Amino acid sequence: MEKFPTLKDFCFRAIHEQHFRAVGTAALLSLPAELIKELLPLLNVCQLDELQPGLQLKGISTFSSWVKLYQHFQNKRKPKIFLTEQEVRVEVMRAMFAELLDTSSLDADAWKNVSVPTFASTAVKSVDHVTLSSDMRPHVDLTSGERTLLDSLEKTAEKLTLLFKDGRISLDTSQRLFFTIHRLLDHGTVKHLTLRSPFVNFLSWLLGYSGHLYRSLTEWQNNESLSTAPTIHFYYDEYLEEFHSEDGPAMKLRRMEDPYCEAPRYRCKDCVAPRPDPKIESLEVKMHFPEQVADVVEILPTFDSLTSLTLISCSTIPIGHIHDLAKALRSLASRPHRSLRRLAVCLLPCVSLLAVLLKAYRELKELDVEFHIIRFNARCEELEGELPLERLSVILDEPLMDPAFLLKTLPLCPRLVSLHVSEMRLPVAWSHKELLNTLAESNACLTSLSLSNLNLSDCLEEIVKVLRVCKLEELDLTSCRLLERCVGKAERLRDLADALKALPSLRKLTLSRNRLAEHVHAVAGLFSGPAAASLQYLNVSANFIQPADLRVFAEVLSSRPPLSKLTLDVTDNPGDRDAVTWNAALDKLRPLCHHLRTNRWNSRNAMADHVSNM
């Protein structure tokens, strides 16, 4: 039967679409709580934000309404977990403000009846991360008005991401873009800079030459004899210099001494004197060409404020460039006011370069390296003495013939608290037992251990040994083939659960992609007995758990409930095979969970039948 709108429905719609301001927040907050709860899902972001303080005083939650708005901007990314209304509110404000800056069209549902200027002036107070791109088409002007949005961003934005796809955009867009960059870098509070550019020398140009350009701008403002203003010039072909890269043609910027244009564009009232260099603490460079390492090498030896450096290359970085980077690190290490503590480099061609980087800058506390191994012989440098390294991440994308490079490094890092090793595949006759034994003997301070895509099918005793020695708070054994070639799979899982229960410090456990399937109920044994685990997070996603298997897991867990509510991840399991049973199992789990992650995964498209029966 067709449902006709009621008078209440018409009133709610009128408030949402036209008369919210006329009715006023005081009148709306005086409504009965049940009516307010019915109205909340209809409100847009500005209306919800205006009502929230009053609703909090009345004890009415807006959490679900903010989550509904967040889902418009989630796309295909893994959803974040929010604990409070304020957390999800801030995330919505940031996402919608980002859409205002760099989207050709706005989401019709999310922006329905929203005043863009009103929203922008409210949201800007929550924005700490600004992304600017060479093809941006902003829906708001950051520089208009007496007190501009840019004035506010200077005070709130600590992270700046610059994305340049090519070197050709309109003159006006380039003027507006670089004026904004200048204000945020030279006058703002930006500490974290992320850059992606096709120009091999753009970073040194930006942090060095752009300062000259804006000093020229100041000179023009205060000198009547200069009739034209400086501009950003390199978007014209005559200012681009092409050279040959190993990955094909590339471009770099020519340094010009008189970057003037024909007419004034943007003026910066604050540039009354040369500004100090931006105090960038974190720098991430996403490189189009390996040659862009040279740009980093140029500025690194005097980059005292830098605490974190990340270099991400689309292709393998030549070994010579890494040695140049190591030389620049050694120069930086000699400076009295150096600050660098974290380094991440991807992709390295040879595992011996791990020792090269550690030797070049021995004060590193965190090191992330990813290898795309090229087959050539390279002498492994010998490391001596204790290293202060606290966090280490090593990823390899090709089979490794000898893990000695890592086994020699770990004993030198007794302060290591976090280790991530991924994709370290050994020859058939080899085992990861030696790696686990080394951890137990040398790295007792570990609190976070992540071993991903390693074959640990024969390493249960060694895993238990590590659990006895290290006071782990987080353990991730994703895709470690824990039950492969094992006869008593449920019993093996129970043995692992017993060892984990003996670790009272453990808070987070990930067993994703281990084909637990019908044996998943044994994991629920973590919460049984007098020494039940104190887990807060459990991930059993992508384990080919059928609806009937989840039902058994839910029944066992309900009979021995966790000490505190869990965050439980059961995504990417074939719940679509029997939706009724699956949903019933989820309903049984929800009272035990603070947050239950699930999704509508199409298992037939993923060939789950074939894989789960292997």
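A few points about this structure:
- Normalised convex hull volume, region 44-86, alpha-carbon set, Å³ per residue: 66
- Residues with amide H under 5 Å from that of Leu195, placed H, sequence gap 5 or more: Leu162, Glu284, Val285, Lys286
- Cα gyration tensor category, rounded, prolate or oblate, for region 381-509 with a/c compared to 1.5: oblate
- Amide proton proximity set for Cys593, modelled H, under 5 Å, gap of 5+: Leu566
- Over all distinct Cα-Cα pairs of region 540-584, the Kirkwood formula returns a hydrodynamic radius of 11.1 Å.
- With contacts taken as Cα pairs under 8 Å and at least 6 residues apart, region 351-488 reaches a relative contact order of 20 percent.
- Rg in Å to one decimal, and Dmax rounded to a whole Å, for region 383-454 via C-alpha atoms: 11.9, 34
- Interchain or long-range residues, amide H under 5 Å from Val417's placed H: Arg391
- Accessible surface, per residue, of region 386-440 when the full set of protein chains is kept, probe 1.4 Å, Å²: 41
- Over region 487-598, the fraction of Cα-Cα pairs per 5 Å bin, rounded to whole percents and listed from the shortest bin up, is 2, 13, 24, 28, 20, 9, 2, 0.
- Against the rule of thumb 2.2 N^0.38 Å, how large the Cα Rg of region 445-541 comes out: 0.97
- Given Lys359/Lys471; Lys80/Lys279; Lys465/Lys489; Lys565/Lys588; Lys286/Lys327; Lys279/Lys327, the pairs whose alpha carbons are separated by over 25 Å: Lys359/Lys471; Lys80/Lys279
- Estimated translational D of region 4-80 in µm²/s (Stokes, Kirkwood radius over Cα pairs; 4 °C; 1.567 mPa s): 97
- Other residues with beta-carbon under 15 Å from the beta-carbon of Leu412 carry, at +1 per Lys or Arg and -1 per Asp or Glu, a net charge of -1.
- Coil-residue GluC sites (Glu not before Pro) of region 1-101, DSSP, other Cβ within 10 Å capped at 15: Glu2
The values are calculated or read from the model by the stated rules, or taken from the named source; none is laboratory data. Only a predicted model underlies this, so the values are computations on that prediction, with no experimental measurement involved. Cβ atoms come from the backbone with ideal geometry, glycine included; neighbour counts cover every protein chain shown. Ligands, DNA and RNA are excluded from the accessible area calculation, which covers all protein heavy atoms including side chains. Shrake-Rupley method; radii C 1.70, N 1.55, O 1.52, S 1.80 Å.
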